[in-house]
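Below is one structure, written out as structure tokens; the observations come after it.
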Amino acid sequence: MTLNSNFIKKFGDSFSNNVKLSNYSWFKLGGKAEFFFKAKDIHQLKEILEEVRKRGLNITILGAGSNTLFRDNGVKGAVIKLGKDFSYTKIINKDIIEAGAATLDRKVANYAKDNCIGNLEFLSCIPGSVGGAIIMNSGCYDNDISKVLVSLTAIKKSNLSLIEIKSENIEFFYRGTNLPNDLIIISAKFKGQIRDQAEIELKQSNLIEKKKFSQPSQIKTCGSTFKNINKDKKAWMLIKESGCDKFKEGDAIISPKHCNFFVNDGNAKSSDIEDLINKVKMKVYEKTGENLELEIKIIGEKKI
Ligand SMILES: Cc1cc2nc3c(=O)[nH]c(=O)nc-3n(C[C@H](O)[C@H](O)[C@H](O)COP(=O)(O)OP(=O)(O)OC[C@H]3O[C@@H](n4cnc5c(N)ncnc54)[C@H](O)[C@@H]3O)c2cc1C
């Protein structure tokens, strides 16, 4: 029996092969996933991990794909996305919400608003999932995950055990954490503050408006390409100052509204975006001596 028929037999419609990853990235780019699993629930996730581990396959975890560029040559091994059972919100205590790792951040923000829990409004501006937001320590407008996370529950890829990690035991930094690569986050608890619902609603809509005003929307992008060096040296400033803001490679362009947003403006290839990234990085270094670090994750097989 081939690996494919084996997986089909065991996982039915939770498994497919040669899946186009462009359907799973906000860039709408990328080759195919050799094996693609959408785990229905934790029981199935464990079964999938057991099978792929047994066969020594490489494992890639995918959230909402709003920070991920998949290469044109696709991803070898197993790409795993968390399915239905990982998308939920519930109140744990009066100001603490639990959310499944696949829940979209804006759903957590809306749920918090509906339950008069404030200080989670910023999540309505981040287009990813809870799992991705924790890994990235995502944030905006003076807030980020590190300030609201109580704890997370994860499964270890190496031995399939479940583990709860309290926020105080995680080292958070700007757009990252020290969480080991071995973890698949399955849920998280967030603490807000009890507030008047109208106040929360106003704050949330103000943040959404602010974001719409300063950043492009309705385009194929993964948001900020590079991390800011610091508050005074933002990546977009360095890109502009170095004269790269009009650079392009094929259909990969830089957004005229925000020059740290790289865009698939039609029929770009992933390699066009990657070439544009390298070109800008080199120019910025040459002009300013600053070494821009990627915020987006690039995953997949390199060009041969
Ligand atoms: C228009 C736009 C605006 C944006 N604005 C902001 C912003 O204001 N602030 C900000 O911080 N970011 C912003 N981003 C970037 C992006 O939305 C965030 O980084 C987001 O948190 C990524 O979540 P995701 O689920 O899409 O992650 P993905 O892109 O799917 O994955 C990101 C990383 O997380 C890992 N991961 C995902 N889920 C899990 C899991 N369950 N367990 C373990 N690892 C996991 C992946 O393996 C990968 O390494 C923006 C993006 C876009 C497109």
Worksheet item: Which ones in the range 97-139 are surrounded by fewer than 21 Cβ atoms within 10 Å (Cβ to Cβ) and either in a strand (DSSP E or B) or in contact with a strand residue (DSSP E or B) (Cβ under 7 Å, 6 or more places away or on another chain) (or both)?
Response: 98, 107, 111, 115, 116, 118, 119, 137, 139
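For the structure I just gave you, tell me whether residue 191 is in contact with a strand residue (DSSP E or B) (Cβ under 8 Å, 6 or more places away or on another chain), among the basic types (Lys, Arg), modelled with pLDDT of 95 or more and away from the ligand (no atom under 15 Å from the Cβ).
On the way: in contact with a strand residue (DSSP E or B) (Cβ under 8 Å, 6 or more places away or on another chain): yes; among the basic types (Lys, Arg): yes; modelled with pLDDT of 95 or more: yes; away from the ligand (no atom under 15 Å from the Cβ): yes.
So residue 191 passes the test.
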Worksheet item: Among the residues of the range 16-24, is there at least one that is outside any strand (DSSP E or B), farther than 29 Å from residue 219 by Cβ and at pLDDT 95 or above?
Response: no
Discussion item. Just the residues that are of a type in the set (S, T, N, Q), farther than 23 Å from residue 147 by Cα and assigned to a helix (DSSP H, G or I), please, taken from the range 203-243.
Written reply: 214
Worksheet, complete the sentence: The one condition residue 259 fails out of (1) of a type outside the set (Lys, Arg); (2) within 19 Å of residue 235 (Cβ to Cβ); (3) crowded, with 17+ Cβ neighbours inside 10 Å; (4) in contact (Cβ under 8 Å) with a residue 40 or more places away in the chain is (4)
Worksheet item: If we keep just the residues of the range 10-48 that are farther than 16 Å from residue 84 by Cα and among the basic types (Lys, Arg), which is nearest to the ligand (Cβ to nearest atom)?
Response: 28
Practice prompt. Would you point out the residue of the range 59-80, among those that are of a type outside the set (A, V, I, L, M), crowded, with 18+ Cβ neighbours inside 10 Å and part of a strand (DSSP E or B), that is farthest from the ligand (Cβ to nearest atom)?
Written response: 70
Practice prompt. Kindly indicate the residue of the range 140-171 that is within 12 Å of the ligand (Cβ to nearest atom) and under 30 Å from residue 217 (Cβ atoms) and also surrounded by the fewest Cβ atoms within 10 Å (Cβ to Cβ) among those meeting that condition.
Written response: 142
Response to the item:
Residues of the range 98-119 being in contact with a Lys or Arg (Cβ under 8 Å, 6 or more places away or on another chain), closer than 18 Å to residue 207 by Cβ and of a type in the set (A, V, I, L, M), in sequence order, are 117
Response to the item:
Of the residues in the range 81-108, those that are more than 9 Å from the ligand (Cβ to nearest atom), touching a Ser or Thr at 6+ places or on another chain (Cβ under 9 Å) and among the hydrophobic types (A, V, I, L, M, F, W, C) come to 97, 99, 108
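Give me a count of the residues in the range 88-108 that are touching a residue at least 40 places away in the same chain (Cβ under 8 Å) and either within 23 Å of residue 61 (Cβ to Cβ) or touching a His at 6+ places or on another chain (Cβ under 9 Å) (or both).
The initial filter retains those residues of the range 88-108 that are touching a residue at least 40 places away in the same chain (Cβ under 8 Å), namely 92, 94-101, 104, 108.
Checking the rest, the ones that are also either within 23 Å of residue 61 (Cβ to Cβ) or touching a His at 6+ places or on another chain (Cβ under 9 Å) (or both) come to 97-101, 104, 108.
Number satisfying all stated conditions: 7.
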Item to complete: Output the residues belonging to the range 221-246 that are touching a helix residue (DSSP H, G or I) at 6+ places or on another chain (Cβ under 8 Å) and surrounded by fewer than 19 Cβ atoms within 10 Å (Cβ to Cβ).
Response: 227, 229, 241, 243, 245
Worksheet, complete the sentence: Within the range 123-146, residues in contact with a helix residue (DSSP H, G or I) (Cβ under 7 Å, 6 or more places away or on another chain) and aliphatic (A, V, I, L, M) come out as 123, 126, 130, 133, 134, 145
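Going through 56, 30 one at a time, which residue ends up being buried (at least 18 other Cβ atoms within 10 Å of the Cβ) and assigned to a loop (DSSP other than H, G, I, E, B)?
Values: 56 fails: buried (at least 18 other Cβ atoms within 10 Å of the Cβ).
Answer to the check: 30.
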Response to the item:
Restricting attention to the range 275-304, the residues that are more than 16 Å from the ligand (Cβ to nearest atom) and assigned to a helix (DSSP H, G or I) number exactly 13
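The values are calculated or read from the model by the stated rules, or taken from the named source; none is laboratory data. What you are looking at is a predicted structure, and each value in this text was computed from that prediction instead of being measured. Backbone-built Cβ (ideal geometry, glycine too); neighbour counts: all protein chains shown.
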